[in-house]
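One structure, pasted below without further comment.
The values are calculated or read from the model by the stated rules, or taken from the named source; none is laboratory data. Bear in mind that the values here come from a model prediction, so they are computed numbers and not experimental data. Backbone-built Cβ (ideal geometry, glycine too); neighbour counts: all protein chains shown.
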Amino acid sequence: MKVHEAFEDYLGMSKRAVAVLYRAVALTGFSAGLSLAVIALLVPDTAVVAVRYLATDTALALADDLRVSQRFLVLLYGFLLSAVAAAFYLFTKGFVASVKHDGVSAEQVGLRFVVFVSFVVGFVGARTVVVAAGLVGEETTSGSFLGLPIHQLDFGAVHIHHYFYGFLTLAVIGWIAVFRDNYSKRLVAVLYGLGMGVFLDEVGMLLTEGAYFSRSTYFAVVLFVAVFFVALYWDLKDRDKETEG
């Protein structure tokens, strides 16, 4: 059973009411995240106090693990909340549009949501494993994560960082998309998102020649997601015009 069907069956809500609820949730989440980011930029102390009041000190303690200031972490939280809200909007846009226009498919944005979720999983997963296993620095090539041994390939002067696996995944996916016709778009979307997330986890290290916790990594991720959503917005806008036409 789909979510909107559960709302209809158990809460007695019409499809139009569910569509309004979806839009309200997306708008509220995006506005809250954007507001938090703006406050973190203009009044950082107030933003830190607000996060500590609404969440716990643990949410701010993550700043030490990521080697960033609490102000910068709050800024990331604000952006993440806005990004999740934007992803929710894209995921439900097909259903919302189908309520107004019978010709619009409720599944038209499914692959976009898959790419976004896969990207978040790839980036957050890679950073979690590296930090938890202590695999930071040129001299560290092994560690453990949840009791599992983690080893990085090291061939003397050649050290294989995990950005290479992300790059290799993107190269394979690009080859398949260009030269193959019979492939699963959903699988390609998953691998594309994962590959991009793993690659961008170490982009700061590449730009700064070794600083894994460089802020440029977070800026690159923010830039990628922002461009991603802008491109999707215009793509969906063009599709809506075609559907209405």
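Would you check if residue 41 is at pLDDT below 70, of a type in the set (A, V, I, L, M, F, W, C) and more than 29 Å from residue 192 (Cβ to Cβ)?
Numbers: at pLDDT below 70: no; of a type in the set (A, V, I, L, M, F, W, C): yes; more than 29 Å from residue 192 (Cβ to Cβ): yes.
When the stated conditions are applied, residue 41 does not pass them.
Still on this structure, please answer the following. Where the second residue is at pLDDT below 75 and part of a loop (DSSP other than H, G, I, E, B) and the first is under 17 Å from residue 20 (Cα atoms) and not assigned by TED's automatic domain parsing to the domain that holds residue 197 and lies in region 95-121, which pairs have Cβ atoms under 6 Å and are six or more apart or on separate chains?
95/106; 97/104; 98/104; 98/106
Then there's this: Residue check, residue 146 against (1) more than 18 Å from the chain's Cα centre (by Cα); (2) at pLDDT 70 or above, all met but one. Which one?
The failed condition is (2).
Moving to a separate point now. Can you tell me which residue within region 195-210, out of those that are touching a Ser or Thr at 6+ places or on another chain (Cβ under 9 Å) and in a loop (DSSP other than H, G, I, E, B), is surrounded by the most Cβ atoms within 10 Å (Cβ to Cβ)?
Among residues in region 195-210 that are touching a Ser or Thr at 6+ places or on another chain (Cβ under 9 Å) and in a loop (DSSP other than H, G, I, E, B), the one surrounded by the most Cβ atoms within 10 Å (Cβ to Cβ) is 201.
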